[in-house]
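Following: one structure in structure tokens, then a few remarks.
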Amino acid sequence: MEVERMDEHEWKYHGEGNQSLVVSHCQRCVVLRFLKFPPNQNKTSQEILHHLQNIVDFGKHVMKQFFGENYVHHGEIIQLPLDFVRQLCLKIQPERPESRCDKDMDTLSGYAMCLPNLTRLQTYRLVEPRPILCIEIKPKCGFIPFSSHVSQEIKHKVCRYCMHQHLKVANGKWKRPSKYCPLDLFSGNKQRMHFALKSLLQEAQNNLKIFKNGELIYGCKDDQDCVSDWNELARHLKPFFFPSNGLVNGPHCTRTIIKELIHVITMTLLSSTDACRAGDMKTVPVSQGRSYCEASAFNKELVRNGKHKLESSGLPRGCLLYKTLQAQMLDMLDIEGLYPLYSRVEQYLEEFPEERSTLQIDGPYNEAFYEKLLDLSPEDDGTVAFALTKVQQYRIAMTAKDCSIMIALSPCLQDECSEQRPVVLTSKSRFTFSVSVLDLDLKPYESIPHQHKLDGKIVNYYLKNAQAKDDPVMSTLFKENEDCTLVLHKV
């Protein structure tokens with residue numbers, strides 16, 4: 001990229017999270033990622049460069065080892081003309097969602113990260129003429145805590161995501177709870193995966209987005225602004241799945257197209273295209289935890305039909321969901337078991353603040369940092385070193401619980417599909433695809449007390465307000481009781 005000749009008109013607003021804002025180039029398959037800060041918090045250019053360098057190093061030396069070369073794109077840092085950055089900031093300001101404007105894009109340092117645009121296929125430098133579909137999924141935590149430190153029995157039965165839904169709806173973040181349960185997606189059982197993806201499509205929240213040629217066509221731009229019209233989505237998707245236009249319009253057509261979409265997402269998620277060093281890590285055999293969540297709508301349906309056995313097919317070892325789950329399961333103690341270890345490290349740092357850099361709490365994220373993560377021994381010998389290893393493993397697990405998976409699909413004709421690229425088939429078309437993983441910034445060490453507090457809040461709210469509603473046996477009892485009271489009403 002020629003940094004000297006930058007023109008803000010060639011870039012457009014792409015999206016933003018809590019920490020950074022992204023713009024994409026109109027012709028080339030690249031994005032720029034800028035850090036964001038609260039208005040009065042000025043960082044020096046040096047601090048910003050250091051922060052960005054940490055993000056790049058962490059992707060390159062740590063997450064690449066967990067997920068594999070093909071899936072992780074760590075990008076590079078570039079320095080841009082300040083004038084360009086200021087003009088760009090003014091240009092995109094009107095497009096930013098209101099809820100994100102409490103922080104400003106960094107316009108003072110000129111530093112940004114340049115990354116591939118993952119809503120495009122990862123084999124071309126220029127935007128292709130052919131249409132590209134991209135599905136972004138934030139799968140969240142795919143297992144139920146198996147730690148003996150868990151104090152509330154409910155945490156061994158209902159997953160964190162399903163519990164958190166109730167609190168989020170109560171706080172007004174979402175209007176309705178989603179039927180999506182991460183354990184269904186991570187089960188490897190196609191029926192459960194289809195159900196999970198259908199639930200995500202019904203209630204996308206910020207867990208699912210669909211882009212067509214780089215433009216968001218489905219999902220939430222912002223908490224309040226959710227597009228979820230299946231007929232509209234089917235209209236966008238029809239040329240991809242039924243190129244010859246053989247389907248008539250109408251609800252049947254919409255359902256068929258959505259079904260094809262879910263099939264393609266499932267097949268690409270189960271595909272395996274990359275090896276990585278951490279793939280052989282024996283974190284925990286998945287069977288140790290329970291493989292389903294009692295609050296999952298899929299599970300409740302089974303119970304209602306008198307079936308109590310949930311089939312779990314398990315994930316193919318090489319697929320991205322398997323690797324994501326392996327990294328998530330580095331959280332072996334649960335936040336309840338981890339918090340005392342965090343306090344041990346904190347106490348040590350209060351006595352010896354100069355040790356902070358030796359302990360590599362804020363980086364550098366290099367080979368040595370990665371090697372320390374591989375020590376999975378559960379025996380606490382009372383040392384700060386043990387506590388720190390567990391804290392760092394927990395931060396990696398938190399990162400993996402919050403990452404996004406990007407699936408880019410491009411239709412290809414029978415004779416075009418080259419040997420080099422993976423292909424997925426549907427009833428009427430075929431796609432080349434690439435799968436990548438995104439949002440891999442290491443979760444801050446400082447956020448652990450917040451996580452501890454939030455965990456308590458989620459569980460307590462669920463026990464107080466939602467458990468009876470979610471428990472299939474309890475809810476039938478409630479229903480029967482309701483019927484009884486109706487009988488007793490005086491006529």
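The values are calculated or read from the model by the stated rules, or taken from the named source; none is laboratory data. Quick caveat: nothing in here was measured; it's all calculated off a predicted structure. Every residue, glycine as well, gets a Cβ built from its backbone with ideal geometry; the counts of neighbours run over all protein chains shown. When the accessible area is computed, the model is the full protein with side chains, heavy atoms only, and any ligands, DNA or RNA have been set aside. Shrake-Rupley method; radii C 1.70, N 1.55, O 1.52, S 1.80 Å.
Counted residue by residue at 0.36 nm each, then reduced by the alpha carbon distance between them, the extension gain from residue 383 to residue 168 reaches 73.6 nm. For residue 216, the solvent-accessible surface with a 1.4 Å probe is about 50 Å², rounded to the nearest 10. Label zone (residue 367, point 7 Å along Cα-to-C-beta; backbone nitrogen cut-off 15 Å) within the stretch 47-78: 60-62, 65. Among 184, 381, 229, the sequence by solvent-accessible area, most first, with a 1.4 Å probe is 381, 229, 184. Using the Cβ-Cβ distance between residue 358 and residue 28 with R0 set to 45 Å, the FRET efficiency from 1/(1 + (r/R0)^6) comes to roughly 0.60. Taking 7 Å steps out from each Cα toward its Cβ at residue 438 and residue 469 produces label points 3.1 nm apart. A probe of 1.4 angstrom, applied to the heavy atoms of all protein chains, finds residue 25 with accessible area near 10 square angstrom. Taking other residues whose beta carbon is less than 13 angstrom from the beta carbon of residue 443, and scoring Lys, Arg as +1 and Asp, Glu as -1, yields -4. Could you check the simple spin-label distance between residue 43 and residue 428, using points 7 Å along Cα→Cβ, in nm with one decimal? Modelled inter-label distance: 4.9 nm. Note on residue 303 and residue 273: with the Förster distance fixed at 51 Å, the Cβ-Cβ geometry gives a FRET efficiency of about 0.85. Work through the residues other than residue 358 whose Cβ is under 15 Å from its Cβ and net out their charges, Lys, Arg +1 and Asp, Glu -1. Local net charge: -2.
So how far apart, in nm, are the two label points at residue 50 and residue 83 if each is 7 Å from Cα heading toward Cβ? Between residue 50 and residue 83, the label points sit 3.2 nm apart.
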